[in-house]
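The values are calculated or read from the model by the stated rules, or taken from the named source; none is laboratory data. Keep in mind that what you see is a predicted model, and the values were worked out from it rather than measured. In this analysis, Cβ positions are derived from the backbone assuming ideal geometry, glycine residues included, and neighbour counts consider all displayed protein chains.
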Amino acid sequence: MGKTTYKRLPGSQSLRQRLLLASLSSTAIIVEDIRSDSTWPGLLPHEVSLLRLFEKVCDDCVVEINETGTKLKYKPGIIVGGRNLVHDCGLSRSIGYFLEPLIVLALFAKKPLSIRLKGITNDPKDPSVDTFRSATLPMLKRFGIPTEGLDLKIENRGVAPFGGGEILLSIPIVQCLTAVTWMDEGMVKRIRGVTFSTRVSVQLENTMIHSARGIFNRLLPDVHIFTDHRVGPQAGKSPGYGISLVAETTSGCFISTDTTVSYRRGEEGGEMEEEKTELVPAEDVGQQSASALLGEIEQGGVVDSAHQGLLFLLCALCPQDVSKVRVGKLSPYGIETLRNIRDFLGVKFIIKPDPSTETVILKCVGCGLKNLFRKIS
Amino acid sequence: HRNLMHVIYGTTAAVSTSVNEGQEDADSEEEEFFKPKGEGRKNVREDLAAEDINREDCSKFVGSLKKWEDEEAVESIRDRFVTGDWSKGAFRNQ
């Protein structure tokens, strides 16, 4: 059995990646000082929910939390995956918060994963489930992940504050990933997108589409944005609307942005701010989202800024071959990811700015992670 | 690039007290070695103060939006689209 050595980490930062990398590298961790000085100290509901999700997908992992929730002990077990799992993601963060670590974890499980996730499908803080479908899943294929068994179905939509959304996610397992040389961001050949509305007029979707198209008009004729108006239980429990856009390039890159408008839960208690706050008008939402997409295209990376973390993770988890990728300006999350990868996997990237295109080129040798049924000593 | 790598990797070793150390480059260790003792300490403390250990875990980064309605802005990215100049687009990937 032997004594477990714990890696000590301060604060709640990067909890998702820390749990993921700890699980993949079989490293036991102690996270301390979790919001110790905050008015609401300790782990937040979504972080507890994330731990429960890890427990569901893994066997024999040990999670210990102290009384105030400011200290967490995590000893990884065996990633098993499995069919027909169900998890309630809660309402403090959207399903998008859970998807990134879950997808990578599931790739290295014993059995393919299929899971029903309940909660908020669209939210301004995290990438929406639409973005995962249209930009994240195609990106996984680059790393040799089979398309068979890779799927995300949006059954019900749900926005803040009361959610009610449900998705079905299936992730296949891999023996190992395939290293990539992914340097050509290509030229944008078409823009696709989808708007949604729950418990509000479908007219808002047409307004968002109209104003987004107005921005793209002078650049590209091939723009198609679909609508997805939901009613009844498929619309979840709260009113909201939003848009997600994807630019597809000649080299097969998918650059995405999304945004959602809904009411927020009040700061104290469960009181809704519905009376006080005004929602952003649909016209502005379309325009802002389209502008954000052009901003991402301007950056010139092979992925958008929200996908930098996942891109670096996948590169680092590859066999011991060289991966080389191009991104735009490094995002704060991307930088944090690079540090977490260094801390857990010992993989350090060679990072060079490319002044002529104002992009950044990153190169690394993967840590050689293989999906084997490992015995924990 | 040395600077960019230093910005990303140079400082955090002190922040996260890892049990199994020894992943550091020989190069960066040498650099640390030749730093005056006091100075090194000061940097660590500044970094600790600057970085919130409980900052929100969020992959989305929303920068400021340009005014893409302006002709000038549109022209600046025209060649990133298939409707623009292909030779300029290809030049980017040399």
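A:Leu72 falls short on exactly one of the conditions (1) more than 10 Å from every other protein chain (Cβ to nearest Cβ); (2) touching a Lys or Arg at 6+ places or on another chain (Cβ under 9 Å), and that condition is (2).
Within this structure, A:Glu298 passes the test of being acidic (Asp, Glu), surrounded by fewer than 23 Cβ atoms within 10 Å (Cβ to Cβ) and at the interface with chain B (Cβ under 9 Å from one of its Cβ atoms). Would you say A:Gly81 is of a type in the set (Gly, Ala, Ser), modelled with pLDDT of 95 or more, surrounded by 21 or more Cβ atoms within 10 Å (Cβ to Cβ) and farther than 30 Å from A:Ile243 by Cα? Yes. In a residue-by-residue description of the stretch A:303-318, the property of being facing chain B (nearest Cβ under 8 Å), assigned to a loop (DSSP other than H, G, I, E, B) and under 15 Å from the mean Cα position of the chain (by Cα) applies to no position. Determine, yes or no, whether A:Thr181 is within 20 Å of A:Ala306 (Cβ to Cβ), within 13 Å of chain B (Cβ to nearest Cβ) and touching a residue at least 12 places away in the same chain (Cβ under 8 Å). No: the conditions fail for A:Thr181.
Listed by first and then second residue, the pairs with beta-carbon distance under 8 Å, at least 6 apart or on different chains, first residue in the stretch A:1-23 and within 7 Å of chain B (Cβ to nearest Cβ), second in a helix (DSSP H, G or I) and of a type in the set (Gly, Ala, Ser), are A:Lys7/A:Ala22.
Take the conditions (1) without any contact (Cβ under 8 Å) to a residue 24 or more places away in the chain; (2) closer than 24 Å to A:Thr195 by Cα; A:Ile95 misses just one of them, which is (1).
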